[in-house]
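Novice: First the structure, which I've put down as structure tokens, then a few questions once you've had a look.
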Amino acid sequence: MIFTRDPDSGQAKATLVLNGEIDVATAPALRHVADNLPLSQLHRLTVDLADVPFMDSTGVAFMVSLRKRMPVGSEIVVVEAAPIVGRVLQLSGLGEVIDLPAATLAPAAGEDRLDATG
């Protein structure tokens, strides 16, 4: 994790870089990470998912747990999510509590889209 302070405001910021699949098998390691982050001190947490090829509801629960431990008015921003990971985050409704930039949610080239019109 990279921890910095904004030179103008003094607010704490951090970047958390995750890698590998995020699923029930990695839940204990994720809990350990969450328990050891200074979340109550952060104004902004950027979560880099560039090296996460798969995420299930365990990852969604992890993001929610991070958000709950951060102060009111702080933010979590997800960056560099693979299309399938971005889709899981989007479908979970997590965009209501964390920032999911549009580029994070873009479908992969050639990805099929469901058309409700038939």
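Novice: Extending each Cα 7 Å along its Cβ direction at residue 77 and residue 58, get the distance between those two points in nm, one decimal.
Specialist: Between residue 77 and residue 58, the label points sit 2.9 nm apart.
Novice: Follow-up question, since we're still on this one. In whole Å, what are the extents of the range 2-105 along the principal axes defined by its C-alpha atoms, from largest to smallest?
Specialist: Cα extents, longest axis first: 37, 30, 22 Å.
Novice: Among residues other than residue 51 whose Cβ falls under 14 Å from its Cβ, what is the net charge (Lys/Arg +1, Asp/Glu -1)? Don't skip to the end; give the middle numbers.
Specialist: Values: positive: none; negative: 21, 48, 80.
Result for the neighbourhood of residue 51: -3.
Novice: Something else now. Please report the antiparallel percentage of the DSSP beta bridges confined to the range 2-105, to the nearest 5.
Specialist: Antiparallel: roughly 20 percent of the beta bridges in the range 2-105.
Novice: Mind sorting 16, 91 by how few other Cβ atoms lie within 10 Å of their own Cβ, fewest first?
Specialist: Working: 16 19, 91 10.
So the ranking, lowest neighbour count to highest, is 91, 16.
Novice: Give me 17, 72, 52 ranked fewest to most by other Cβ atoms within 10 Å of their Cβ, as a rough exposure proxy. Each step should come with its number before you reach the end.
Specialist: On the way: 17 15, 72 4, 52 21.
Least crowded to most crowded, the residues run 72, 17, 52.
Readers should treat all values here as calculations from the given coordinates under stated rules, not as data from a laboratory. Remember, it's a predicted structure, so these values are computed and weren't measured experimentally. Counting neighbours? That spans all protein chains shown, and the Cβs are built from the backbone with ideal geometry, glycine included.
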